[in-house]
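The values are calculated or read from the model by the stated rules, or taken from the named source; none is laboratory data. Just so we're clear, the structure is a prediction, and the values are computed from it rather than from any experiment. Note: ideal-geometry Cβ built from the backbone for every residue, glycine included; neighbour counts use all protein chains shown.
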Amino acid sequence: MADEIAQQQRRLRLKKSLQELSSMKGMGTELVSVVIPPDRMIHDVRHHLSNEAGQAANIKSKSTKKHVTDAIESALSTLNRYKTPGEGGIAIFVGHVIVGNNKTRLMSTVIDDPPEPFPSFRYRCDSTFEVSQLEEMLIDRTSYALFVIDRSEAAYGLASGKRLHCQEHITSLVPSKHGRGGQSAQRFERLIEEAAHNFFKKAAERASNYWLPMVQDLKGVIIGGPGATKDFVVKNDYFHHEIKKLIAEPYFDVGYSNESGLRELIQRAGSTMDQIELDVERRIVDEFLQEVMKSNPKATYGEIMVRSALEQGAVATLLLSEAITKMRMRWFCKECKNEWETTHEKSSANPSCPECKSGKVNEDKENSMELIDELTILAGRTSAKVRLISLDTEEGSTLYTAFGGITALLRYPIS
């Protein structure tokens, strides 16, 4: 669970960084993007950037030359903090970004804990940042099992992200209902149904055996086919019981029961695939909304109350909105040496010291962090579960707008 939450947080941080970077523009080709994969030596990248700095001296525009040089020097300065790229690699985005009224400001974003390793080295100097590798990391690669069937054929496989893998296409030996003279109609009908039963059993068993080793990673099983056979197969328990629990409704009408049918199934079931994950969010937020309305609720909300519940070890599940942008900041006063913590938006001005009222206050950046990360660390100390809630559902939006995005289901009521 801890690894899963850490990965969710990496993806969320990357998503926020990507949104910010995508909105930034330069006056000219003066925004520098450097993406370093784990297997690239930092020394080699420094050498590459030094060469680029030399090339920048040939730029005719004085302002562009200065801005590009500033960006490369900033990137080199950032690299000096690292001995290696680490397990995931490092991405540095730096340059003079337009901030309005034809003014620019040197801005730098560093990503050194990506959810996946950067696949390749990239250096680019352009009017926008090169973020394609970041976008690739945020593609949903959740796996769904796919199954299409009719009386003549069946196919099954997996859909992961935008990729389809057809594991097997099976044809049946079920005879047609015509062209068999000389046998009684009842006996022939019985043979047809027996052959159909054996085919349905074989197809469902093979699919189940393929999916079972990965059942923990499957979000759902999507069923389709050109007729009523798909409903019959599900209703009559041909699938393994662990697989049947994951079968999502509705079942989809598609034109074929082969690989083409699987492709059509993905197109028709796209909203259902999205909905399966969102339903998990809906259920847990609904549980919170129902609980918080009770007279003695096992639920609480708001940063102060949730923080208190975490300190008491009363939180069972911490629900945090992905829309939270606040930081938990640590401050120190140069005058009286007082240290304290506050929750602020990133762009907020430094506060005055609560003890001596001095304005000579600095942020302790080493001990400041995203509020989501800080609350997650507190939850981990008492083995509380953590769930990040998106704004993709009405319930998720309510959690953020009505409750501030910081809520908790409790182990027991607290006063």
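Going by what's in this entry, would Thr325 be described as over 16 Å from Ala6 (Cα atoms) and in a loop (DSSP other than H, G, I, E, B)?
Answer is yes for this residue.
Against the conditions (1) touching a Lys or Arg at 6+ places or on another chain (Cβ under 8 Å); (2) at negative phi, where does Asp237 fall short? Just the number, please.
For Asp237, the exception is condition (2).
Would you confirm, using the coordinates I've provided, whether Ile266 is more than 13 Å from Ile149 (Cβ to Cβ), out of contact with any Pro (no Cβ under 8 Å at 6 or more places or on another chain), outside any loop (DSSP other than H, G, I, E, B) and in contact (Cβ under 8 Å) with a residue 60 or more places away in the chain?
Yes; evaluated as a whole, the condition is true for this residue.
Return the residues of the range 7-41 that are part of a loop (DSSP other than H, G, I, E, B) and either free of Cβ contacts under 8 Å to residues at least 60 places away in the same chain or closer than 16 Å to Pro115 by Cβ (or both); say none if nothing qualifies.
Within the range 7-41, Pro37, Pro38, Asp39, Met41 qualify.
Looking at Glu345, Glu366, Glu374, Glu370, can you tell me which residue is exposed (fewer than 13 other Cβ atoms within 10 Å of the Cβ), closer than 26 Å to Ala309 by Cβ and not hydroxyl-bearing (Ser, Thr, Tyr)?
Glu345
Does Asn350 qualify as being modelled with pLDDT under 85 and either crowded, with 16+ Cβ neighbours inside 10 Å or within 27 Å of Arg11 (Cβ to Cβ) (or both)?
In short, no.
Please go through the range 308-329 and give me each residue that is among the charged types (D, E, K, R) and buried (at least 18 other Cβ atoms within 10 Å of the Cβ), ordered by number.
Glu322, Lys326, Arg328
Which condition does Ser176 not pass, out of (1) crowded, with 16+ Cβ neighbours inside 10 Å; (2) modelled with pLDDT under 90; (3) of a type in the set (S, T, N, Q), if it passes all the others?
(1)
Is the range 322-339 home to any residue that is of a type in the set (S, T, N, Q) and more than 25 Å from Gln290 (Cβ to Cβ)?
yes
Could you please find all residues in the range 214-232 being modelled with pLDDT of 90 or more and in a helix (DSSP H, G or I)?
Thr229, Lys230, Asp231, Phe232
With the checklist (1) in contact (Cβ under 8 Å) with a residue 60 or more places away in the chain; (2) within 25 Å of the chain's Cα centre (by Cα) in hand, flag the one item Glu259 doesn't pass.
The one condition Glu259 does not meet is (2).
Which of the strands (runs of 3 or more DSSP E) contained wholly in the range 64-163 include at least 3 residues that are in the same structural domain as Gly225 (by TED's automatic domain parsing) and at pLDDT 90 or above?
By residue number, 143-149, 153-160.
Within the range 393-402, is even one residue farther than 18 Å from Ala323 by Cβ and in contact with a Gly (Cβ under 8 Å, 6 or more places away or on another chain)?
no
Given the criteria basic (Lys, Arg) and under 18 Å from Arg151 (Cβ atoms), does Lys235 qualify?
Yes: the conditions hold for Lys235.
I need every pair where a residue in the range 303-320 that is assigned by TED's automatic domain parsing to the domain that holds Arg387 has its Cβ under 6 Å from the Cβ of a residue that is surrounded by 18 or more Cβ atoms within 10 Å (Cβ to Cβ) and part of a loop (DSSP other than H, G, I, E, B), sequence separation at least 6 or different chains.
Val315/Ala384; Leu318/Ala384
Kindly indicate the residue of the range 372-413 that is outside any loop (DSSP other than H, G, I, E, B) and among the aromatic types (Phe, Trp, Tyr) and also nearest to Pro297 (Cα to Cα) among those meeting that condition.
Phe403
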